[in-house]
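Visitor: Quick one: the structure is below, questions incoming.
The values are calculated or read from the model by the stated rules, or taken from the named source; none is laboratory data. Since the model is a prediction, treat every value here as computed from it, not as a measurement. Note: ideal-geometry Cβ built from the backbone for every residue, glycine included; neighbour counts use all protein chains shown.
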């Protein structure tokens with residue numbers, strides 16, 4: 001069955017929007033992951049430094 005030009009255009013637009021949103025979400029989660037790992041590393045360093053100081057005293 002043939003689709004009208006308008007229908008085809010609408011489907012194409014919808015697909016583009018969906019892809020854009022998916023990419024954006026992926027970027028957000030990647031960013032969050034990076035922030036999370038950095039925070040985790042900082043916390044670990046802090047704990048290690050506290051341990052090191054307490055061993056010296």
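Visitor: Tell me, please, whether a residue that is part of a helix (DSSP H, G or I), loosely packed, with under 10 Cβ neighbours inside 10 Å and over 18 Å from the mean Cα position of the chain (by Cα) can be found in the range 2-23. Steps first, please.
Guide: Narrowing the range 2-23 to residues part of a helix (DSSP H, G or I): 5-23.
When the remaining residues are screened for being loosely packed, with under 10 Cβ neighbours inside 10 Å, the result is 5-6.
Add one more test, that the residue is over 18 Å from the mean Cα position of the chain (by Cα), and what stays is 5-6.
Within the range 2-23 (the criterion being part of a helix (DSSP H, G or I), loosely packed, with under 10 Cβ neighbours inside 10 Å and over 18 Å from the mean Cα position of the chain (by Cα)), the answer is yes, since at least one residue qualifies.
Visitor: Here's another thing I want to ask about it. For residue 30, indicate whether it is in a helix (DSSP H, G or I) and at pLDDT 90 or above.
Guide: no
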